[in-house]
């Protein structure tokens with residue numbers, strides 16, 4: 001998803017000024033410190049993350065507006081459209 005969406009100029013241009021992007025990683029094989037693992041677990045529980053990848057859309061106060069779970073492989077345009085739909089519901 002990072003390579004197909006977030007790294008693409010189309011997504012970066014669209015997100016600029018609209019979103020604050022934060023990445024939280026839950027690696028299976030990469031070693032993390034206990035503090036990092038606890039922080040990630042706290043984020044997962046706070047926002048009720050049910051699967052990976054998950055894209056959480058939050059308002060300026062941290063309230064969850066919606067979540068996209070999984071990735072359909074359709075690229076940046078598809079993800080942008082889905083985020084825009086979530087933003088319209090706020």
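The values are calculated or read from the model by the stated rules, or taken from the named source; none is laboratory data. All figures in this text were calculated on a predicted structure; none of them were measured in a lab. A quick note on method: Cβ atoms are made from the backbone with ideal geometry, for glycine too, and the neighbour counts reach across all protein chains shown.
A search for C-beta distances below 8 Å between a residue of segment 62-90 that is in contact (Cβ under 8 Å) with a residue 40 or more places away in the chain and any residue that is loosely packed, with under 15 Cβ neighbours inside 10 Å and in a helix (DSSP H, G or I), counting only pairs 6+ apart in sequence or on different chains, returns 76/10; 77/10; 80/10.
The helices (runs of 4 or more DSSP H) found wholly in the chain include none carrying at least 3 residues that are under 11 Å from the mean Cα position of the chain (by Cα), on the phi > 0 side of the Ramachandran plot and at pLDDT below 90.
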